[in-house]
Amino acid sequence: MMTQTIALLVDAYRELCAKKLFWITMILSVLVVAAFAMVGINEKGLTFLWFQIPADAFGVTLTSETLPRGLLYRFMFANLAVPFWLSWVAIVLGLISTAGMIPDLIQSGTIEAVLSRPIGRVRLLLTKFIGGLLFMALQVAVFSLLAFLVIAIRGGSLAWEVFLAVPIVVAMFSYLFAICVLLGMITRSTIAALLLTLLVWCVIFIINMGDAIAVSAHEQTKSQLRVEVARLERMERNATLAILNDLNEERTAEGQEPLESYEPTDEELTTRDIRIAPKRVEIEEIESGERLAQKWRTGIYLGKTVLPKTQETIGLLDRWTVDQEAIREIGGPLPEDDTQRARAEGQQATEDAYENRPLWWILGTSFLFEAFILGIAVIIFKRRDF
Amino acid sequence: MSDAVVSIQDIQKRYGGFGKKVHALRGVSMDVPRGSIFGLLGPNGAGKSTLVKILITAVKRSGGTGTLLGQPIGRKDALTRVGYLPEHHNLPKHLTGRQVIEFFGAMGKMGRADRKKRADELLDLVRMRDWHDKKVGGYSKGMRQRIGIAQALVADPDLVILDEPTDGVDPVGRRDIRMVLQQMRDEGRTVFINSHLLGELEMVCDTVGIMHKGRVVSMGTIESLTEGMLRYEVEVEGELEAAGSLFGRALPEAFGRGQSTLPPPTQGLAPPTGTGLARRVGMVGELATGESVEVHGNRLWIGTTHAGTIQPVLDAIRAKGGVIKEVRTHRPSLEDLFMQAVADDDSPGAAQGREGTRP
């Protein structure tokens, strides 16, 4: 049994090696890591080759003191190389390279020769699927190794965690490749399978964008609400104190004992400070909007639950490889101004919301989706006459 | 255990549904003898490839039973001992010839060392030793066919199924392939060939089956199928009209005693066309000794292979002034058999018979 599996995987490897795109992707990966290595940091700021970039060129002070070299390269790896290169460009190139695997397998003249051997259809299809994942595994493994070397040599630290990119990026690729396998099985066309997979990915991306907007809006609203409620409370407190002072002045003039405290009526408060009533309306509107947004957010979340979590899966790398607290410290303390502070807190809360999404939800439901899609492909493959 | 490597009964295959069903196979039964070369013939759409694909599990049957090397059809275990070359095969172009052979060896569960050894043997057998390390994508059609045959043989199979093995191969390549087929038979393997090239099959097949419209219409050894169809042909000099008259005068009794026992001439059996031919075809009769005679232009067909029987006929022709140009024995070709079987199956009577017995 293993003989057949190994033969299929070796064949998949040879097939990939025979594709020019495999080597083009590999060379591009090397160039990306090389560009990576050209960035440096010293006490004056960032460097690119022999050019010095001012420390405050990006809005925050970036020097070797505020951002240790090891952390710089880890940050670049997790926040630039992985999200932009590995999770977009390399995956698109990977899909282009592997989209033909199933249509090629099931084409007349090929499939009969394979099926005439003592191998079950389920094992054949699943081994082919794993063979397709080899493309991404090899690409990411080479990329991670080079990144590891750059971080070790230029950053001075051994970042073993960068190799987590291999399973994480392969997991993300596997969601899309499963879709590609199913579409290739149905359409028997490489081009159709590829284009439809990219279309599905596009839909997932749009839902992710919707989710990001919903989560960000929710967290920003929560922060804003907190600030506005605090402002209202401050206004009411000041108005109460002002009313109490006026009352005590009157009582003193009348020879009465001053009051320790006083519970003004709403009318007294809103008359005393005319900003209170509009502020209350404003808070009410924010809360009303938030209740409506909550429904949308729940809908999007449920929709995402049944779909593969491409963005969150890649986000795991950021979660596991970069010290988020250290990165936040580089940005300095939160602003003093209420509004700016609320915005910064909202942004931070948004990041935390993503960070706190459970692993079972991110990977578990994504793999369930993948298993479901592959299951359909297997059923079609098992039942089809060739 | 039966001596048939393939034994099938009433195999059926229907495609489609919702009132648009196509019957690709309408109850095929056959036994393929062990250690023989079996040829399956049939026009396009006869169901040959469907039948073969059912044997190798690429297509699922709609009905019927059967065994392949003693195991029920559909079982993967039996395929360990089966080699298969598909028609219009697409061997992996990214592999070399040797890698293709070894890959299919591995798919047949062969160990690494055995695969390598077997690949060496097969590269020599199919004369591809000099090209073994070149990518298949750069091979000619004939070279791909040779490697295709080698991959079918890699697992040392008891049964080799070849779909159009000589299609697109030059004459030298065909001869080589025929030699390989004969070598397979000599080694005790059973070879199942599916082909349109009747001449090729005729040279190597021990047994043939003829399929038409999803059914086996004729099956047996070429000798058994041609039995009763062997004949002498006597050709005389002269114009066609004169020859017809000559035969009539020489054998007045023969052509006055009714219909021939030979099957009526068909397109496959008819001699080359000529202006006077149409009138002569159908001039059939029977000798006093019971052998059938037919006039086809300036040739007389006598339904016998016994030389003594034709001597009085030759004498009678000469006696009437006829000049005998040639006397020869004729054995129907596989193409004749094929055309005959297909024509019989297409006849109204056969169609009516099918209507009554087939679903």
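So here's what we get for this one:
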item	result
Residue within the stretch A:16-34 that is surrounded by fewer than 15 Cβ atoms within 10 Å (Cβ to Cβ) and over 30 Å from residue A:193 (Cα atoms) present	yes
Close pairs from the stretch B:183-201: first at positive phi, partner part of a loop (DSSP other than H, G, I, E, B) and modelled with pLDDT of 90 or more, Cβ under 7 Å, at least 6 apart	B:188/B:35
Residues that are over 11 Å from residue B:4 (Cα atoms), of a type in the set (S, T, N, Q) and touching a strand residue (DSSP E or B) at 6+ places or on another chain (Cβ under 7 Å), drawn from the stretch B:31-50	B:49, B:50
Residue in the stretch B:145-168 that is away from every other protein chain (no Cβ under 14 Å), assigned to a helix (DSSP H, G or I), under 21 Å from the mean Cα position of the chain (by Cα) and more than 17 Å from residue A:10 (Cβ to Cβ) present	no
The stretch A:154-164 - residue that is assigned to a helix (DSSP H, G or I) and under 18 Å from residue A:34 (Cα atoms) and, of those, farthest from the chain's Cα centre (by Cα)	A:154
Some residue of the stretch B:117-136 being within 13 Å of another protein chain (Cβ to nearest Cβ) and in a loop (DSSP other than H, G, I, E, B)	no
Of all residues in the stretch B:93-107 being at the interface with chain A (Cβ under 9 Å from one of its Cβ atoms) and in contact with a strand residue (DSSP E or B) (Cβ under 8 Å, 6 or more places away or on another chain), the one that is nearest to residue B:140 (Cα to Cα)	B:93
Boolean, residue B:13 is under 24 Å from residue B:338 (Cβ atoms), within 9 Å of chain A (Cβ to nearest Cβ) and assigned to a strand (DSSP E or B)	yes
Among the residues listed as A:119, A:151, A:207, the single one being of a type outside the set (S, T, N, Q) and within 30 Å of residue A:291 (Cβ to Cβ)	A:207
Unique residue being touching a residue at least 40 places away in the same chain (Cβ under 8 Å), of a type in the set (S, T, N, Q) and touching a His at 6+ places or on another chain (Cβ under 7 Å) when the list is A:87, A:97, A:108	A:108
Those residues of the stretch B:225-242 which are basic (Lys, Arg) and part of a helix (DSSP H, G or I), in sequence order	none
Those residues of the stretch B:196-224 which are part of a strand (DSSP E or B) and in contact with a Phe, Trp or Tyr (Cβ under 8 Å, 6 or more places away or on another chain), in sequence order	B:207, B:208, B:209, B:210
Matching residues, the stretch B:49-92, being more than 7 Å from chain A (Cβ to nearest Cβ), of a type in the set (Ser, Thr, Tyr) and in a loop (DSSP other than H, G, I, E, B)	B:62
All positions within the stretch A:60-110 that are part of a loop (DSSP other than H, G, I, E, B), away from every other protein chain (no Cβ under 14 Å) and either closer than 18 Å to residue A:164 by Cα or β-branched (Val, Ile, Thr) (or both)	A:60, A:61, A:63, A:66
Test: residue A:77 is under 20 Å from the mean Cα position of the chain (by Cα) and without any contact (Cβ under 8 Å) to a residue 40 or more places away in the chain	no
Residue in the stretch B:320-334 that is exposed (fewer than 15 other Cβ atoms within 10 Å of the Cβ) and at pLDDT below 80 present	no
Residue in the stretch B:27-48 that is of a type in the set (D, E, K, R), within 11 Å of chain A (Cβ to nearest Cβ) and either within 19 Å of the chain's Cα centre (by Cα) or surrounded by fewer than 22 Cβ atoms within 10 Å (Cβ to Cβ) (or both) present	no
Some residue of the stretch A:37-48 being part of a helix (DSSP H, G or I) and either within 14 Å of another protein chain (Cβ to nearest Cβ) or under 22 Å from residue A:164 (Cβ atoms) (or both)	yes
Any chance residue B:193 is away from every other protein chain (no Cβ under 14 Å), surrounded by 23 or more Cβ atoms within 10 Å (Cβ to Cβ) and within 13 Å of the chain's Cα centre (by Cα)	yes
Some residue of the stretch A:111-129 being under 30 Å from residue A:35 (Cβ atoms), more than 12 Å from chain B (Cβ to nearest Cβ) and surrounded by 22 or more Cβ atoms within 10 Å (Cβ to Cβ)	no
Residue ranges of helices (runs of 4 or more DSSP H) in the stretch A:235-325 with at least 2 members over 30 Å from residue A:69 (Cα atoms)	A:266-272, A:276-306
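The values are calculated or read from the model by the stated rules, or taken from the named source; none is laboratory data. Note that the coordinates shown come from a computational prediction; the quantities given were computed from them, not determined experimentally. Neighbour counts run over all protein chains shown; Cβ positions are idealised from the backbone, glycine included.
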